[in-house]
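A short worksheet on the structure shown next.
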Amino acid sequence: MAKKDRRGFLGRLTKQVTSVEGSRFFHGIKAFQGRLRTGVVRFVPARLLWLVPFLQEELDLRPPSVEQLKERVFSPPSKPALQDLAEVEGGVAAGIALPQRVKSLYPEYRCVQDNPFACEWTQQTLLEEPTAKYCIKCGFPALLPPAAKIRGNRGTYQVEAFLKHRGRGRLYQGIRLPDRQPVFIKEYLLPERIFNLQEARQRKEAFLNLAGVTLADGRVQDVRLIPVWDAIADARQERCYLVTKGNIDAYPTLASYIAETGAMTSAQVRTVLNQVLQSLEFLHDQKYRLRSGLVQEGLTDGNLSLDSLLLVPSFQGFFIYLCDLILWEGRFDPPLVQRPLSSPAKDLQDLGYTAFYLLAGGTYNSTNGQWFNPRVKEHWTPIHPAFKDYILSLMGLGMTSFESAEIARRALLKLPPEPEIQWLPLEGVPEEDETKKRRFQFPWWLLGVLGLVLLGILLWWLFARNEPRGAVVADSLPCCIEQVSGIPPGNFTYTAERYGPWDYVLQRENLIAKGTTLEAEILERQPKLELIYKPQPSWTEAIADIRSEEAEFAIASLTERLSFNLAHENFAHDGLVVFVPFSYARRENSLPQALKGKITFEALRQLYSDRISNWQELGGPNLPIKLYIPPSQEAIEIFEQRVLKDTASIETFRDLIKQSNRPSNRVFTSRPTITRLQTFDTLREVIRDFEDRDIGAIGFDSLSKILGQCSVYPLALVEGDKPPITPLILNNNLPVTPSTDLCNAKGSYGPNVKAFVTQTYPLAYPLAVIYPRDNSRPIIGEKFAEILKTLEAQRLLYKSGLVPLQPLP
């Protein structure tokens, strides 16, 4: 028997340890990076947050992704990399292909650089004549000067500085007055030499009606499309403005990115395609409400290119955002410019060309000026043949065709991975010499890894140990539903309370995407899961089904009263919301205005225990009171426990419910009545009571069931001496107030995630999977909880209206 090489064994052992433990170690680094970055950014004033992406871009302070960090620590340099290094050191570095400059759309203006947007004279004009409205060389509209003010529909904005041009317009950094919140302003032009007065007026009207879209049902979902905050058409000048909040507009386009870094790798291009296809899938399939109020079934981007996709770096890699949709960008094309008709198929074709140019490093060869052509074999970089055919198929040149973005994305995820690089001996080196070179050497880098481990333990001891015990770091959540293993085979029945929050979010269509439900989305991602949902009239009957083995597990909220033989795992948050009618037209005399947007627990006890019959007794208008309650028994019990509390108030409350159910009490009297209706029936009746019957109604129900509805106003709650906590906040983290137009401001507010996660919102409660502590029964309940706690499922739950375990990245 041949003697084993002990040094080879140590090398293999080290390699195996590295492979098994490496992912866990770097996953910890990933979580720590997220916490550290969040902690640092918290000290940056809101007005200066725009400096973060600016400094990252200017000073090249982009953090490496976890995959890059792994590659740096564990992977030796590949042979191509060594050859590239030798070429650079020898002075033979190849040039990076830069995107070709844009041909001028405005030949009527004789710009010295043939492109008024990129010409330096627009800035030089501003330096020489700060008040000039036109370029002193060609007469093209000049840049906006610093401190220029623009009056919009949602505020007044002040220009701070010109940043760059992008697409059909020029981008400025600005602030909103008077709160000086940072904004980005994109200026569009309708030059008088190109557009006559009638054409300019028509383009402005179309721009105001089309710029910016929201979901028709009022939901707020992040699909990586930059939301429009304000659209402005200057009646006196040849300019229009698009205002956005946040800092996404400060990041580079893909064209700028590859101009600086060169071509993307095949893996990076796959990531780009996956993210853009996700956005297109949502864009093509949802109903949207335009600024004009019209509802449209599905939209197209129509303008996909290297110049309309923004790359936003993160510690985990990058995100791709869509911007400059043709819906409003195309309003500023010159009259004689003809664009191909927009369609989902055209979006996929444009995306295919974008992927090809990312692999090539640009749109043309910077050495000979030749345009890259996907039909020319030599213009392709070495990639997997299946991936190449996939990109060609997106363009309409491959072996297959894709009917939709959804089908295209599924095909992308099924593609085989790129082949690993095979290590070959250098030419001219004998095999035995190469064998000697591969003798085992002590991996000194392992000492560096151990040092990082010790540093990580120290940092954890300093920071992570002070986190609340119940906290769940989003980065530590498992990634995907399909990665959950060990699901027992067979059909399993589970239950929940009928009309409860889970019953609502599970089976209601269009909460996540058009024509689908949360239940369908989960089952599609985990085909091994075979569940039968059978709701019960109350949560107590649902729990009884577990004990009698009629159901394997249940979804409920009141977990503190469970017996020892039942276990539970929280997977999301919800809460009761107290609401009154919201009528923006009559807001001056409305209940939200009179109550200053809040209500105390004491006032709620008086209202629901028959001690107050008119709003005047609480300082409100002279309106009789009508009480509404939800059909969920679990919600009523939570209200009794946390709001009413004392036995006398609870008994009076239950008596009111019984009296209101009697036919003799259906006629309105001076005493407040309690009405029990389904959620949407309640919302409809509450606003009718106020506008048609002069009755001031009040009700409560789950946040997940009223989120996005603007016929009622959710009041902030005051418990004892504590400050009021609102269930909804604006996107800038400020609370919703009675002056907020809940209907027209849809998309600018959402759940107060932090208050629900930390349980500082007084009526917040967790949703949990409840299952038996019995080893003889299947572990399907535990596995379903594991599925719901994955990052992918948490995002689905958030889209459906529930609050995730932790704020999502």
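Taking the stated definitions as given, is Q202 at pLDDT 90 or above, closer than 18 Å to K799 by Cβ and open to solvent by 40 Å² or more (accessible area, probe 1.4 Å)?
Taking the combined requirement at face value, the residue does not satisfy it.
Read through the list (1) of a type outside the set (A, V, I, L, M); (2) in contact (Cβ under 8 Å) with a residue 40 or more places away in the chain; (3) in a strand (DSSP E or B); (4) open to solvent by 30 Å² or more (accessible area, probe 1.4 Å), then give the number of the only condition that Y188 fails.
So Y188 meets the others, but not (4).
For residues in region 384-414 being of a type in the set (A, V, I, L, M) and more than 29 Å from the chain's Cα centre (by Cα), which is surrounded by the fewest Cβ atoms within 10 Å (Cβ to Cβ)?
M399
Cβ-Cβ under 8 Å, sequence separation 6+ or interchain: first residue in region 115-128 and touching a residue at least 40 places away in the same chain (Cβ under 8 Å), partner outside any helix (DSSP H, G or I) and open to solvent by 20 Å² or more (accessible area, probe 1.4 Å). Which pairs?
Pairs found: F117/V102; F117/H165; A118/R101; A118/V102; A118/H165.
Could you list, in sequence order, all residues of region 234-260 that are of a type in the set (S, T, N, Q), in a strand (DSSP E or B) and either more than 25 Å from the chain's Cα centre (by Cα) or over 16 Å from V159 (Cα atoms) (or both)?
Across region 234-260, the qualifying residue is only T253.
Which residues, taken from region 176-185, are among the β-branched types (V, I, T) and either open to solvent by 40 Å² or more (accessible area, probe 1.4 Å) or closer than 23 Å to D333 by Cβ (or both)?
Correct list: I185 only.
Within region 256-293, which residues are among the β-branched types (V, I, T) and closer than 30 Å to A118 by Cα?
I258, T261, T265, V269, V272, V276
Assess whether Y499 counts as being outside any loop (DSSP other than H, G, I, E, B) and either at pLDDT 95 or above or surrounded by 16 or more Cβ atoms within 10 Å (Cβ to Cβ) (or both).
Here the answer is no, as Y499 does not meet what is asked.
Hey, among L336, L306, L299, L341, which residue is out of contact with any Asp or Glu (no Cβ under 7 Å at 6 or more places or on another chain), within 21 Å of A408 (Cα to Cα), open to solvent by 20 Å² or more (accessible area, probe 1.4 Å) and not in a helix (DSSP H, G or I)?
Result: L341 is the single residue among L336, L306, L299, L341 that is out of contact with any Asp or Glu (no Cβ under 7 Å at 6 or more places or on another chain), within 21 Å of A408 (Cα to Cα), open to solvent by 20 Å² or more (accessible area, probe 1.4 Å) and not in a helix (DSSP H, G or I).
What are the residues in region 200-229 that are part of a strand (DSSP E or B) and over 20 Å from the mean Cα position of the chain (by Cα), if any?
none
Residues that are among the charged types (D, E, K, R), touching a strand residue (DSSP E or B) at 6+ places or on another chain (Cβ under 9 Å), buried (at least 17 other Cβ atoms within 10 Å of the Cβ) and modelled with pLDDT of 90 or more: does region 262-282 have at least one?
Checked against the condition, which is being among the charged types (D, E, K, R), touching a strand residue (DSSP E or B) at 6+ places or on another chain (Cβ under 9 Å), buried (at least 17 other Cβ atoms within 10 Å of the Cβ) and modelled with pLDDT of 90 or more, region 262-282 yields no hits at all.
For L254, state whether it is over 25 Å from Q202 (Cα atoms), open to solvent by less than 20 Å² (accessible area, probe 1.4 Å) and of a type in the set (A, V, I, L, M).
Yes: the conditions hold for L254.
Can E552 be described as modelled with pLDDT of 95 or more, more than 30 Å from D655 (Cα to Cα) and either in contact with a helix residue (DSSP H, G or I) (Cβ under 6 Å, 6 or more places away or on another chain) or not hydrophobic (A, V, I, L, M, F, W, C) (or both)?
yes
When you go through (1) in contact (Cβ under 8 Å) with a residue 24 or more places away in the chain; (2) open to solvent by 20 Å² or more (accessible area, probe 1.4 Å) one by one for L348, which number turns out not to apply?
Unmet for L348, out of (1) in contact (Cβ under 8 Å) with a residue 24 or more places away in the chain; (2) open to solvent by 20 Å² or more (accessible area, probe 1.4 Å): (2).
Hey, could you check region 747-768 for residues that are of a type outside the set (S, T, Y) and open to solvent by 50 Å² or more (accessible area, probe 1.4 Å) and say which is modelled with the highest pLDDT?
Residue satisfying both the conditions and the ranking: K754.
Scan L595, L604, L576 and give me the residue that is modelled with pLDDT of 95 or more, under 20 Å from L644 (Cβ atoms) and under 34 Å from the mean Cα position of the chain (by Cα).
Step by step, each of L595, L604, L576 is checked, and only L576 is modelled with pLDDT of 95 or more, under 20 Å from L644 (Cβ atoms) and under 34 Å from the mean Cα position of the chain (by Cα).
What are the pairs, 6+ residues apart or on separate chains, where a residue within region 550-564 that is within 21 Å of T493 (Cα to Cα) has its Cβ under 9 Å from a residue that is of a type in the set (A, V, I, L, M) and assigned to a loop (DSSP other than H, G, I, E, B)?
Close Cβ pairs satisfying both conditions: A556/L562.
If a residue must be open to solvent by less than 30 Å² (accessible area, probe 1.4 Å) and either touching a residue at least 40 places away in the same chain (Cβ under 8 Å) or more than 15 Å from R239 (Cα to Cα) (or both), how many such residues does region 159-175 contain?
Total meeting the criteria: 7.
Does any residue of region 414-437 turn out to be assigned to a helix (DSSP H, G or I), out of contact with any strand residue (DSSP E or B) (no Cβ under 7 Å at 6 or more places or on another chain) and modelled with pLDDT of 50 or more?
no
If you check A551 against the conditions, is it small (G, A, S) and either open to solvent by 60 Å² or more (accessible area, probe 1.4 Å) or within 21 Å of the chain's Cα centre (by Cα) (or both)?
no
Please specify each residue of region 759-782 satisfying the condition of being in contact with a Pro (Cβ under 9 Å, 6 or more places away or on another chain) and of a type in the set (S, T, Y).
Y761
Picking from A544, A513, A520, which residue would you name as being closer than 21 Å to P804 by Cβ, assigned to a helix (DSSP H, G or I), among the small types (G, A, S) and out of contact with any Ser or Thr (no Cβ under 7 Å at 6 or more places or on another chain)?
Every option except A520 fails the conditions.
At pLDDT below 75 and open to solvent by 60 Å² or more (accessible area, probe 1.4 Å): is that true of Q100 in this structure?
yes
Having 2 or more residues that are among the aromatic types (F, W, Y) and touching a residue at least 12 places away in the same chain (Cβ under 8 Å) is the bar; report the strands (runs of 3 or more DSSP E) wholly within region 681-780 that clear it.
764-772
Identify the residue in region 354-383 that is open to solvent by 40 Å² or more (accessible area, probe 1.4 Å) and under 16 Å from L273 (Cβ atoms) and, among all such residues, is modelled with the lowest pLDDT.
It comes out as T381.
I need the full set of residues from region 382-420 which are in contact with a helix residue (DSSP H, G or I) (Cβ under 7 Å, 6 or more places away or on another chain) and hydroxyl-bearing (S, T, Y), in order please.
Y390, T400, S401, S404
Before we move on, is I326 under 17 Å from V276 (Cα atoms) and either open to solvent by less than 60 Å² (accessible area, probe 1.4 Å) or touching a residue at least 40 places away in the same chain (Cβ under 8 Å) (or both)?
yes
Within region 779-804, can you find the residues that are open to solvent by 10 Å² or more (accessible area, probe 1.4 Å) and over 28 Å from P489 (Cα atoms)?
Passing the criteria: Y798, K799.
The values are calculated or read from the model by the stated rules, or taken from the named source; none is laboratory data. Just so you know, these numbers come straight off a predicted model, no measurement behind them. FYI the Cβ positions are ideal-geometry reconstructions off the backbone, even for glycines, and counts take in every protein chain you see. Protein only, heavy atoms only, side chains kept; ligands, DNA and RNA dropped before computing areas. Shrake-Rupley method; radii C 1.70, N 1.55, O 1.52, S 1.80 Å.
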